[in-house]
Amino acid sequence: MPVVMLRDSAFSEQEMKWTEQEILSKKRQRAREANLVVKLDATGIQRFKRMHPPGISLSFTGMFQSSGIFNVQLDVTDGEVLAYYADWLLFLGKGVVFDRIPDELRKILEERLAHLKL
């Protein structure tokens, strides 16, 4: 329902399903499950804003949005997804620092870089 159509609002009488502590715990657990953790500099952030896969959110870590980090859970058995992410990570440029990367994705990136050297 669009906000314009709202006529009345009230506090919900239902109890919340999770406490704030449970929500933070779930967020930390989800971050631990991520197998691709990438830090970006200003150039990488600009390219990230231009194009990024759906569902990925960038958390800014530096002042004036000069650096950021994102994490993703990749399915390492899906070659098409790994190839897409390899292309996209190369698009982000030199300002990419990998905190955590699956071995399968690392191999694809190394192969792509070896082809570039020829």
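Tabulated data for the structure shown
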read-out	value
Number of positions in region 30-88 that are surrounded by 14 or more Cβ atoms within 10 Å (Cβ to Cβ), under 19 Å from Leu105 (Cα atoms) and basic (Lys, Arg)	1
Selection within region 100-111 - closer than 18 Å to Pro53 by Cβ and not in a strand (DSSP E or B)	Ile101, Pro102, Glu104, Leu105, Ile108, Leu109
Restricting region 24-71 to residues that are β-branched (Val, Ile, Thr) and in contact with a Lys or Arg (Cβ under 8 Å, 6 or more places away or on another chain), the residue that is nearest to Ala83 (Cα to Cα)	Val37
Residue in region 89-102 that is farthest from Asn35 (Cα to Cα), counting only those that are exposed (fewer than 13 other Cβ atoms within 10 Å of the Cβ) and either free of Cβ contacts under 8 Å to residues at least 24 places away in the same chain or among the basic types (Lys, Arg) (or both)	Lys94
Residue match in region 57-67 (condition: in contact with a helix residue (DSSP H, G or I) (Cβ under 6 Å, 6 or more places away or on another chain) and over 21 Å from Pro102 (Cα atoms))	yes
Cβ-Cβ under 6 Å pairs, at least 6 apart or on other chains, region 48-74 side over 17 Å from Arg28 (Cα atoms), far side in a helix (DSSP H, G or I) and modelled with pLDDT of 90 or more	Ser66/Ala42; Gly68/Ile45
Residue within region 53-64 that is closer than 16 Å to Leu90 by Cα and either at pLDDT 90 or above or under 14 Å from the mean Cα position of the chain (by Cα) (or both) present	yes
Condition check for Leu105: free of Cβ contacts under 8 Å to residues at least 60 places away in the same chain and either of a type in the set (Asp, Glu) or surrounded by 12 or more Cβ atoms within 10 Å (Cβ to Cβ) (or both)	no
Among residues of region 62-99, those that are out of contact with any Pro (no Cβ under 9 Å at 6 or more places or on another chain) and part of a loop (DSSP other than H, G, I, E, B), counted	11
Failed item in (1) assigned to a loop (DSSP other than H, G, I, E, B); (2) farther than 29 Å from His115 by Cβ; (3) not aromatic (Phe, Trp, Tyr), with Glu22 passing the rest	(1)
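The values are calculated or read from the model by the stated rules, or taken from the named source; none is laboratory data. On a predicted model such as this, the values are computed, not experimentally measured, just so you know. FYI the Cβ positions are ideal-geometry reconstructions off the backbone, even for glycines, and counts take in every protein chain you see.
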